[in-house]
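To keep things clear, I will list the structure first and then write my remarks on it.
The values are calculated or read from the model by the stated rules, or taken from the named source; none is laboratory data. This one's a predicted model, so the numbers in the text were calculated from it and none came from an experiment. All Cβ positions, even for glycine, are placed from backbone atoms using ideal geometry, and neighbour counts span all protein chains on display. Ligands, DNA and RNA are excluded from the accessible area calculation, which covers all protein heavy atoms including side chains. Shrake-Rupley method; radii C 1.70, N 1.55, O 1.52, S 1.80 Å.
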Amino acid sequence: MYRSFLRSAALVRPSIKLSQQSIRFYVTQPITKDEVITRAFDALKTVATLQESKISLESSFQKDLGLDSLDTVEALVALEEEFDLEIPDKIADEIKTVGEAVNYIYEEEQKL
Amino acid sequence: MVQQKQVLKLYKNLLEKAYKFDNYNFREYAKRRIHDSFKEHKSLTKPEEIAQFYNNGINNLALLTRQSTISQMYTFDKLVVEPLKQHK
């Protein structure tokens with residue numbers, strides 16, 4: 001909630017009309033891939049079954065991390081909440097590894 | 001017959017609603033409760049039992065939707081146990 005408020009606040013870009021030309025006084029830095037990775041890992045750590053596991057970009061949710069289908073859904077919801085986006089079911093079904101999830105989130109963040 | 005996909009979808013919807021609670025205690029309780037009850041009923045095999053559990057979940061989803069909406073109408077102070085989000 002708090003996060004989404006900040007996000008929407010950041011999107012409102014005040015501009016002043018000076019001789020028919022609007023000037024923006026600041027730019028928002030696009031999110032870097034490293035930032036996506038650290039935030040994603042932190043979010044995944046909040047999932048009970050992942051707290052002890054060693055997460056890496058290559059690890060597959062079901063094979064390496066030993067999650068069942070329920071835990072995988074849980075991990076994806078944790079990521080959705082962290083980045084304030086929704087992963088459509090079709091794409092969620094195809095995401096098998098942490099790296100794939102990070103890539104999807106990174107691409108979505110670039111579109112903002 | 002309730003399909004696996006539907007169950008997962010219900011689980012996802014429930015969790016998404018649970019995250020919407022502003023109050024830390026409600027949020028964590030809802031998440032834990034959803035997680036535990038799905039794990040507990042993981043081994044159900046009879047279609048009637050699954051259907052009953054599924055319908056129960058649908059009712060709880062309605063309840064969660066109501067309560068998390070109400071929860072957002074009030075402000076809550078952060079508890080000391082809550083990790084603070086660092087915004088850069």
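Values computed for the structure shown
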{"item": "Cα gyration tensor category, rounded, prolate or oblate, for the stretch A:41-112 with a/c compared to 1.5", "result": "prolate"}
{"item": "Surface per residue (accessible, 1.4 Å probe) for the protein assembly as shown, Å²", "result": "67 Å²"}
{"item": "Chain B: radius of gyration and largest Cα-Cα distance (Dmax), Å", "result": "15.3, 51"}
{"item": "Cα-based radius of gyration of the protein assembly as shown once divided by 2.2 N^0.38 Å, which approximates compact folds", "result": "1.17"}
{"item": "Degrees between helix B:4-19 axis and first principal axis of chain B (Cα, 0 to 90, nearest 10)", "result": "20 degrees"}
{"item": "Cα-based reach from B:LYS39 at 15 Å (exclusive), listing aspartates and glutamates while leaving out same-chain residues under 8 positions away", "result": "A:ASP68, A:ASP71, A:GLU74, B:GLU49"}
{"item": "Within chain B, longest stretch clear of exposed chymotrypsin sites (Phe, Trp or Tyr not before Pro) (DSSP loop, no more than 15 other Cβ within 10 Å)", "result": "B:1-73"}
{"item": "Computed lengthening from A:THR38 to A:GLU86, 0.36 nm per intervening residue step minus Cα-Cα distance", "result": "15.4 nm"}
{"item": "Segment A:GLU58-A:GLU100, length gained on full extension (0.36 nm per residue, minus Cα span)", "result": "14.3 nm"}
{"item": "Signed unit charges on C-beta, dipole axis of the protein assembly as shown, positive-most listed residue B:MET1, A:ALA101, B:LEU15", "result": "B:LEU15"}
{"item": "Relative contact order, percent, chain B [alpha-carbon distance under 8 Å, six or more residues apart]", "result": "44 percent"}
{"item": "Spin-label zone in the stretch A:55-79 - amide nitrogen under 17 Å from a point set 7 Å from the Cα of B:LYS39 along the C-beta vector", "result": "A:62, A:65-78"}
